[in-house]
Amino acid sequence: MLSPVIILLLILLAYVYTAQILKQKKIWYTVAWIVMVLVVVFKDLVFLTPLVKGYVGFAFFYVVMITGALDPKWTLTKRLRSVRTSYSILGFTLLIAHPLSYSIKVLSGTIAIPWFGLGAFLVMIPLFITSYISIRKKMKAKTWSSLQKWAYLSYGLILIHLIVNASTVPNRIVAIGLFIPYIVLKLLKELKKK
Ligand code: HEM
């Protein structure tokens, strides 16, 4: 599974280029939409596999997830927190190519409906739309933050989707291995708060 490599790369980029990512985020959002459409059109090209198979989208979500579990005092966490919204927008935009690439097979019944993946995706749609600052500004801060809590349901569904639908056993193990530190760190952080 390629996800750990992509996750490390995204963390490194966020750490080194925090200011640039924030400054040019609108350009990156547009690039992500263009890439997403190209991936759907040219989905059989081997080098697009990480996008077709959802590794890239998942890696963005993982960085967003783990940011919420890290110590807020660390410089790394501070930098990750500032690009968090941009990463979730980029991740979701790129991820759209993943279900779209499988849609014909799913609709024709060639493969079973990946219910957990579908659930995770549907839960994420309102979170994605309200992540755009123009829409976020129109919402009450309290409504917005309670809506964002649904992300946890989505993370849980992603984990089950990866366990159920990973194409190989090593991929399944890597997915579980990525969730363990997240769950442990998040629980420790919540316990500390209390
Ligand atoms: C937030 C939502 C989702 C994420 C993060 C996600 C991510 C992933 C990842 C990382 C894999 C593992 C690929 C592998 O091990 O080779 C996978 C497998 C798969 N996903 Fe998703 N996915 C999501 C939603 C969906 C949706 C909505 C669909 C289709 C309607 C879907 C269809 C599939 C299929 C068919 C596989 C198996 C691929 C294979 O066997 O080659 N996923 N997904």
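Read the figures in this text as sums done on the coordinates, not as results from a lab. Values in this document were obtained by computation on a predicted structure and should not be read as measured data.
Tabulated data
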{"quantity": "Spatial separation of Cα centroids for the range 11-30 and the range 103-175, in angstrom", "calculated": "23 Å"}
{"quantity": "Value of relative contact order over the chain, rounded to a whole percent, pairs C-alpha under 8 Å and six or more apart", "calculated": "23 percent"}
{"quantity": "Convex hull projection area averaged over all views, the range 3-193, Cα basis, nm²", "calculated": "11.4 nm²"}
